[in-house]
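One structure is given below, encoded as structure tokens.
The values are calculated or read from the model by the stated rules, or taken from the named source; none is laboratory data. The structure displayed is predicted, hence computed values, not measured ones. Here the Cβ positions follow ideal geometry from the backbone for every residue, glycine too, while neighbour counts run over all protein chains shown.
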Amino acid sequence: MSFWKNSSYSFADFAEIPLDNLLLLIPAMTRQDIVCWLAWNDPNGIYQDNQSLKELGNIMTRDEGIEIMLRQIEENSVPQ
């Protein structure tokens with residue numbers, strides 16, 4: 001099941017969630033849910049498996065995806 005289909009969060013809404021709440025939601029996400037968000041957030045990045053295999057020779061793990069996702073959210077957050 002897709003986190004995005006089963007939750008009320010849009011990709012944009014997800015990036016605005018406070019970190020402590022975000023960390024509670026991430027365990028419900030599959031690797032593919034994370035790849036979808038990363039591809040939306042950074043359309044020029046290499047996240048999809050076929051492109052990653054072709055250009056980098058490997059695919060991103062779920063843990064790597066979580067790390068990248070959290071970093072991107074932090075970098076794009078507006079200080080309160």
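The table for this structure:
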{"item": "Conditions (1) modelled with pLDDT under 95; (2) surrounded by fewer than 14 Cβ atoms within 10 Å (Cβ to Cβ); number of the one not met by residue 67", "result": "(1)"}
{"item": "Neighbours by Cβ (under 9 Å, 6+ apart or cross-chain): first from the stretch 44-55, within 18 Å of residue 69 (Cα to Cα); second small (Gly, Ala, Ser) and assigned to a helix (DSSP H, G or I)", "result": "45/39; 46/52; 47/39; 47/65; 48/39"}
{"item": "All positions within the stretch 2-17 that are over 19 Å from residue 63 (Cα atoms) and either surrounded by fewer than 10 Cβ atoms within 10 Å (Cβ to Cβ) or of a type in the set (A, V, I, L, M) (or both)", "result": "5, 8, 12, 17"}
{"item": "Single residue of the stretch 19-41 satisfying the filter (among the charged types (D, E, K, R) and at pLDDT 95 or above) that is farthest from residue 62 (Cα to Cα)", "result": "33"}
{"item": "Test: residue in the stretch 54-64 that is closer than 17 Å to residue 77 by Cβ, among the acidic types (Asp, Glu) and within 12 Å of the chain's Cα centre (by Cα)", "result": "no"}
{"item": "Residues (loosely packed, with under 15 Cβ neighbours inside 10 Å and under 9 Å from the mean Cα position of the chain (by Cα)) located in the stretch 33-51", "result": "none"}
{"item": "Subset of the stretch 52-64 (residues that are within 22 Å of residue 5 (Cα to Cα) and either surrounded by 15 or more Cβ atoms within 10 Å (Cβ to Cβ) or basic (Lys, Arg) (or both))", "result": "62"}
